[in-house]
Each structure stands twice: as C-alpha cells, then as structure tokens.
C-alpha cells in the first residue's frame with residue numbers, strides 16, 4: 001500500500017513535468033497549422049452564433065468561480081484514461097480519489113499534494129494530475145478567454161470558451177463547455193496538446209455548494225515522496241461519496 005501510494009505521487013510529478021516539456025518541445029509547423037485551424041474554427045463558430053466576445057489579457061480563470069462543489073470526473077489528462085472518480089473542492093483544497101481506498105488532497109494555492117492511505121500520508125511538491133485543470137493556474141499566468149460557440153453536451157446547453165494560459169516558458173490552450181444550468185460550471189474540458197490525442201475530461205453529477213470539511217482532513221505530518229520505505233503516520237478519514245443535492249439544486 002505504501003509503495004503504491006508513493007508511486008502514485010511520483011507518477012503525478014513526472015506526468016506534470018513531461019506534459020509541460022512535451023508541449024514546449026512540440027512547437028513546430030504542425031503546431032502552427034493546428035493553432036490556425038483552431039482560430040479558423042472559432043471564427044466560424046462566432047459567426048454562426050453571433051457571439052464575438054474578445055480575448056482579454058486581464059481575464060479571470062474560469063474555474064475561480066467554483067470553489068465549493070462535488071462531481072464525478074470522467075477521464076483525465078491521460079488521453080487513454082476513461083475511468084470515473086469522485087472529486088471535491090472546498091476553497092483552495094481539492095480531493096481526488098486514488099487507487100483503492102486512497103485519496104489525494106491538493107492545495108491549489110501552493111500546488112502541493114498529500115496522498116492519504118490507511119497507514120498514513122505522503123507529501124509531494126507537485127499537484128496531483130487528476131486535480132487538473134483546476135491546479136493549472138498560478139500567480140503571473142496570463143489568462144485569455146474567447147467565446148467560440150454554443151453546444152448541448154449531456155443534455156446541458158453550454159457556452160464554449162477557448163482559454164489560453166500563457167506561462168513564462170510555454171502556452172497552454174484549453175476549451176471549456178460551460179453548462180448554463182450549472183452557473184457556467186465546465187462539464188467538459190479539452191486540452192490541446194499539439195501532438196497525439198487531445199485529452200477530454202467530463203464532469204457529471206455536479207453538486208454546487210459547501211462540502212463536508214472532514215473530506216479535506218489529512219495528517220499534519222506527512223513523509224516526503226522520495227522513496228518507498230518511509231514509515232507513514234496515523235490513519236486518515238475514509239472516503240465519502242458526494243452528498244445528495246438539496247431539493248431544487250441543478251444536477252447533471
């Protein structure tokens with residue numbers, strides 16, 4: 001169990017680093033061509049819908065509006081991943097399901113993650129990969145948003161937004177399908193990698209509102225994920241399913 005938990009966190013770190021490096025290294029004529037195709041498609045969508053919201057260098061990160069919710073996450077930034085897992089957010093903390101009965105808490109402000117299992121907890125200085133796209137934003141990152149269309153996804157009428165994040169050394173492009181009946185919560189997010197398949201994450205059974213604070217408790221002292229033989233501290237709370245939606249609360 002300890003070995004498995006440590007491996008999860010180490011893979012998390014490597015995935016984040018390799019993903020960023022690949023996005024940078026793949027800048028080529030093919031990438032330029034694909035970016036131009038995206039712009040052309042966005043222009044067509046705007047023309048057909050009459051929506052022409054301009055990009056803004058001072059735009060807000062769309063996910064900042066959703067700091068209290070639970071949902072079922074389908075897929076991840078791994079394009080081959082189609083599994084389902086529970087996800088919860090309360091303020092700057094996000095909880096994701098791990099392997100078996102494990103779970104991971106990510107601090108979205110510091111980018112640190114805490115993998116919790118029955119024996120205890122391990123700490124990593126990188127966000128857990130399933131906390132993306134929520135963990136993508138950092139101070140100094142420029143956000144640009146452009147409305148590019150309208151589409152119905154899983155029965156929800158959605159506004160489509162193309163979002164560009166400009167980091168010091170690379171640029172990331174995403175597309176959000178924002179459900180109008182869920183206050184704009186993105187029930188589908190696509191990552192444009194510029195090579196291979198573009199991962200798509202879907203969210204269902206979305207419940208907006210305050211979460212059980214006990215879901216975000218982890219031991220105060222966690223071992224760093226530098227090896228597999230560390231002794232872990234005390235056990236942590238068991239995982240819970242998302243709370244039932246109050247009467248009248250929109251759900252997927």
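General observations
- Subset of the stretch 151-164 (residues that are more than 14 Å from the chain's Cα centre (by Cα) and assigned to a strand (DSSP E or B)): 151, 152, 153, 156, 157, 158, 159, 160, 161, 162, 164
- Residue within the stretch 135-144 that is within 14 Å of the chain's Cα centre (by Cα), over 23 Å from residue 206 (Cβ atoms) and at pLDDT below 90 present: yes
- Taken across the stretch 212-227, residues that are in contact with a strand residue (DSSP E or B) (Cβ under 9 Å, 6 or more places away or on another chain), more than 25 Å from residue 126 (Cα to Cα), surrounded by 13 or more Cβ atoms within 10 Å (Cβ to Cβ) and modelled with pLDDT of 90 or more do not occur at all.
- Residues (farther than 14 Å from residue 129 by Cβ and outside any loop (DSSP other than H, G, I, E, B)) located in the stretch 68-94: 68, 69, 70, 71, 72, 74, 84, 86, 88, 89, 90, 93
- Residue check for residue 134: under 17 Å from residue 65 (Cα atoms) and in contact with a helix residue (DSSP H, G or I) (Cβ under 6 Å, 6 or more places away or on another chain): yes
- Residue under evaluation residue 90, criteria (1) surrounded by fewer than 19 Cβ atoms within 10 Å (Cβ to Cβ); (2) out of contact with any strand residue (DSSP E or B) (no Cβ under 7 Å at 6 or more places or on another chain), criterion not met: (2)
- Residue 197 vs. criteria in a strand (DSSP E or B), at pLDDT below 95 and farther than 19 Å from residue 89 by Cβ: no
- For the stretch 151-172, a tally of residues being more than 24 Å from residue 109 (Cβ to Cβ) and surrounded by 17 or more Cβ atoms within 10 Å (Cβ to Cβ) returns 5.
- Scope the stretch 101-134; condition in a loop (DSSP other than H, G, I, E, B), in contact (Cβ under 8 Å) with a residue 60 or more places away in the chain and over 14 Å from the mean Cα position of the chain (by Cα); matching residues: 101, 102, 117, 118, 119, 120, 125
- Any chance residue 234 is surrounded by fewer than 13 Cβ atoms within 10 Å (Cβ to Cβ), within 25 Å of residue 126 (Cα to Cα) and modelled with pLDDT under 85: yes
The values are calculated or read from the model by the stated rules, or taken from the named source; none is laboratory data. Just so it is clear, the model here is predicted, and its values are computed rather than measured. All Cβ positions, glycine included, derive from the backbone under ideal geometry; neighbour counts span all protein chains shown.
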